Structure formats: C-alpha cells, structure tokens
1. For a bin width of 5 Å, list the pair-distance distribution of segment 662-722 built from all Cα-Cα distances, rounded to whole %.
2. How large is Rg over Rh for segment 240-302, taking Rg from the Cα atoms and Rh as the Kirkwood inverse mean of 1/r across Cα pairs?
3. Obtain the nm distance between the two label points defined at residue 566 and residue 690 by a simple spin-label model: each point lies 7 Å from its Cα along the Cα-to-C-beta direction.
4. Highest first, please rank the peptides 688-696, 302-310 by the mean number of other Cβ atoms sitting within 10 Å of their residues.
5. Which whole-number percent gives the relative contact order of segment 224-747, counting Cα pairs below 8 Å spaced six or more residues apart?
6. Any chance you could check the Cα centroid distance between segment 228-249 and segment 21-44 for me, in angstrom?
7. Multiply the residue separation of residue 717 and residue 662 by 0.36 nm, subtract the distance between their alpha-carbon atoms, and state the gained length in nm to one decimal.
8. Normalised by the empirical 2.2 N^0.38 Å for globular proteins, what value does the Cα Rg of segment 221-269 take?
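Read-outs: derived from the displayed coordinates by stated rules, not from any lab. Note that the structure is predicted; figures quoted are calculated from it, not measured. Methodologically, a virtual Cβ is constructed for each residue, glycine included, from the backbone with ideal geometry; neighbour enumeration extends over all protein chains shown.
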C-alpha cells in the first residue's frame, strides 16, 4: 500500500511539473506531415501526423527553442516558455529555397531559378559537405553530367567535362568573371576556400553569346559570399588516412561605417609518397598549396554595388619515380614532373552613380608557371585583363541588357610554338532581350559580336523560350552557337608530358558549335507528404573546326588539327530529388550520351569519354541526436583509352567503375561539427585488370627503346610490346579506400 501511495504522489508530481506542447505544422496553409519537431538541446520531440498536428509530452517548465525541420522546407525556430499551462505552437514552413534560389549565370541578371529561361543548376555548400574535398575540382564529381577528368597519371592535372566535352570547352567563372582560363584551366579550381563559397551554378550548353570564347560546352560559376552574409568566423579542417591535410579558415570584419571585409585562406598538404600499384611511380601527386582570398563590400547610396576581391595562389606539386627529389628536377636520371605555380587574381564590380542601372565589372590575373616534365621544361607566363560594362533596362514587357566588353591576353612560354609573346585584345558587344509573352511564357533573344584580329569577326546568336503550363511544370528550349579560340599548351598538358611528339597540322582555326537543348522540370507532391523534383534535359551539339588530340594515327605522336568533318555531342540526362520521409532525402542523376567525331568520313567515339554516368546521394538526419549520415557515389560507363601500339596489352576500353563514399556528422550545441567516414568504399583503382597503367614506367626516358628508320618502335626482348613511356592512360583516380576525419566550427 505504501508503494502505491508513493507512485500516486509521483504521478501527481509529474502532472503538476510537466506540461504538453501541441500544435500544427503547415506550408502555405496546407497541412504538412512527417515534420521533425523537437526542443533544442533535449531529447524531447515528435513527428507531425498526416493532418500536420503534433504533441510533445512531459515538458518541464522553462525556456526552450522549438525547432521544426523537414527536408525540402526551410527550418523554423521559435523561442517558447513553458509555465503551468499547456502550450499551443503552430508553425508554417516555407518551401526550401533550393528551387527558388537566385541565380545570375544564365542571363547575367539576378533572377529566381524557376523564372530563368535558361536552365541553371544551383549547388549550395551543404551539397558539397556531403563528401568533403580539398578543392572544387574534386567536389564536382557528384554533379550529374559533370566529370572531373584526370589527364596525367604523374602530375594529376585535370579538367572538367560537361556532357562529355573536353575541359577546354568549359568556362569557369568566379563571381561571374572569366578569371579561370588559359594556364589556370588545369589548376584554377584548386585552392578556392570552400568556406567562402555561397553557391556554385552550372549551365550546360553554349553561353558564348554572353561570355565569349570557351563557353562552348558549358560554364561553372563559383559565387563567393557577400561579407555581410558570411559568418563571423568559420573553420573546416580534415585529414585522411593517406596523410592528406586540408585547412580552411574564414572571418569577416566591419571596417568603419561603410565597409565589410571577408578574409579566407585554404592550405592543403600532401607529402606522403605512396605506390600501391608497385610501378615505382607515385599513385597521387604530392602537393603543398596555399590560397588567400579577400573580398571587400562597400555601402553606397541607394544600395548601389561596389565590391572588390583578390586572391593569391601558390602551389608546389610533383609526381614521379619514388626516389625522385628536387635535385633531379629537370634532369634525365630520375623521372619527375614538378610544377611551381604562382598566381594573382583581382575581381571587381562597380555600379555607376547614375539613375540607370549600369555596372562596370573587371578582372585581372597574373599567372606564372615553372614546370618540368622529366627533362622537358615548360616556363610560361600569362596575364589576362577583362572589363565589361552592362546596362540593365526594364521596359513594360521587355527586360533588356546591353553590354560592351574587352579582353586582353598576354601569353609567353619557352616552347617552339611561341616564338614571340602572344598579345591580343578582343573587343565585344552583346545585347539580350527577355520578352514577357504572357503570364506563362517568356522569350529570350541574345547576340554577341567579337572581333579577333587573328580570325576576324565572330557572331554568336542565342534563343531561349520558357513555358510554365502549371505551377509545378516548366518547359525550356534553348538554342545558340558558340566559338572557341584554342590555346594549345595552356590547355592540354598531355602535349608536354611523356614521350609523344607534338604535331600541329596547319593553322588552327576557331572552333564553332551549334546547340539545341530541351529541358523539363516538374515538382510532384504526394499525399504522404513526399516531394519529388524531376529535371530532364536532352541536347544536341554540332561542332565544326573541332580540335581534338589524335592519339590513334601515330602511337608516338599527339596530332592537333582541325577536323576534316565534324564532332557531335548528344544525349539525355535526368535528375530526381525527393524528400522520402522526415529527415530523409535522396537524389539520383543519370546521363546517357554519345560524343563522336567524323574525320575524313570515318566516325569514331571520342577518347576518354563515357557513354553513361550516374550519381546519387542519400542523406538521413536524426534531429534529436543531431546525427547525419551521407552516402554518395557515382558510376561511369566504359570509355575508349589511348593505347601506344597494336601490341599494347592494356584494355582498349575501361570497365564500368564506381566511387562510393559514406560520412557521419555530429553537430553539437556549440556550432561544432565532427565528421568522418570512408572514401572509395569499393577500393576501386584503374590498375585492376591491367598489367600496368603507366607504359614503360621502368624506362621513363626511353633509353632502352629501339626505333626503325621510319621512327616506329621495334619490339625487343626488353620491350616486347613496342611501347614508349606514356602516362596518358588515365581515367580514374589511383587513390584507393581511405578514412577521413574532420572538424567544422561556425561563429555567427
């Protein structure tokens, strides 16, 4: 009887000292089920029912922060106080800004993504945190239709393929300025502090009517944070089981009453030479890299823009035989590829103090490269200046944009291809008009004129049409032309590495392309509260004067010439994003493509280009415990690879291969994030199934290779496959399975 009385008193005490929180979760006045609702810093929480209602029992009196979170919607927080009475708290969750983000890349104007006539894919820092990497180059591996391509097994330089097109067809922008091009094409995506990135925008297809040369296959715009929107301090540091260490730090400060400054730095160090495939060559290039970034934003009358940013980048990287050190640099005793890169960048945007919206944007870069590929030296300098004046004029149903631009390029190197420094200024003028045809459709017309004294006048028109039949359906049709002026040695380092001779047939003429792209986007809401977003695209691009490295005609040469024919890229891609349940989100993407060239009537598949690729990510967040699990991966179909001779025993086509990663993140109350996981779960490396990857790795200077009178390699006992040294047989990273651990801290 005594125990029953004690239990009765205990239950009465609970009912007196603990209360209940109830309420309803909605979005746009519609009930929202499966939402996580919890009291921050406690284990108390609930999940909303199908009618949006929720109940949290036994809450002790006190002050709390109530959090409602559901993937696909903006998280809502509300400070509450529990006293003697039960509490009713209703919350409305707006849709996530992911589909309604502001983008500028497609039209050079700030516009909501869903309203843009040009399909633009937008990726936030959260997307890249699912698989942390030391640079944007590696981070893009989980973007559908975008593939970071390594071009050399030794120096590990690479470029970005969009829809199967080679890296030089991709234009990389920082804050809308074409700062990454020429010499920096293979290095420019390294060293940008991830903590300073606001979002990354990707446009697939030509954009030459707005951005000029290089924007033929697509473009990537890396947008940095505004100082006033950045956290006071941020830190992100991680290490891997291979000995890699990446350090990111950023902070902002107010200077006086009218200026804010954002400072960021990235340092990456990898000094652990590893040779798991036993070819006496480093599997991964050793690197020592530092990048410092600073951005100023000034307050002006009428909210006019004025920002200026600068970056300094230095990198020392080398790969080669395991016994190589800097005393062998440039010699022919021990093979190594050593690259010193020093680079300065300046970017600015100034809105003129007049009633019309006129902006002047400018950028300048100075790039110095000191590199050796075995005993071949490549010393190069490049300076690029760019200025652009745009006038944004809105009329009744017309949204006009006028622009004039000029690009100055200075380039000099020590190769025989550059007898005198190359200096050229290319003036341009462009116009764009977005016409509102109705509430459901708009039409964008654009054209650009460039004058290059080497090639004369270049005209690039553009058309885009957007039709929105319902609130949840958008159809976009884009068509246009593109052009590209080739800078051979600055773009293709395969021309410098290995033993192949470089042959240039004739004068290389500018490449031209014609493209059409059809895009369909649909949002689907289920009765169970799930949200699906379907984004499908089909494209066709036709190239004339295409310039592609020819590895096939002569195995001892790389031949560059304008195709006597055409090159075609066509395909279909599909992205599906879904919010499966409370805290669970999944996305999957697939691309099927055919990239081929027809030269002298013979059609061949483009080398180092896959016919299909897929990406996926699965994220689950448990809000009460603040734990998040991310599972990401990609899969690539076979691609044709460069063989050295008819006797070459390596596979002519790569197998289907996949890189998969898993990560666990814990977020503490003090804005600390502890994360760790495994990269390359399947331990895939390209040496699997091949007798070797680098041809003649045992004789990198071809001292024991014999040639006949015609210059062809003769099979011998020491060289039974008639090979010369060549590291261009590369399609996947040589880095196998590895652990990683990291820490993030943010002070807002």
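1. 4, 12, 14, 11, 9, 7, 7, 7, 6, 7, 5, 5, 4, 2, 0
2. Values: Rg = 19.6 Å, Rh = 14.8 Å.
Dividing the radius of gyration by the Kirkwood radius yields 1.32.
3. The answer from the label model is 3.3 nm.
4. 688-696, 302-310
5. Working: 1357 pairs, mean separation 47.1, N = 524.
That works out to 9 percent.
6. Centre-to-centre distance over Cα atoms comes out at 33 Å.
7. Working: separation 55, 0.36 × 55 = 19.80 nm, distance 4.68 nm.
Residue separation times 0.36 nm, minus the Cα-Cα distance, leaves 15.1 nm.
8. Working: Rg = 13.8 Å, N = 49, 2.2 N^0.38 = 9.7 Å.
Computed over Cα atoms of segment 221-269, the ratio equals 1.43.
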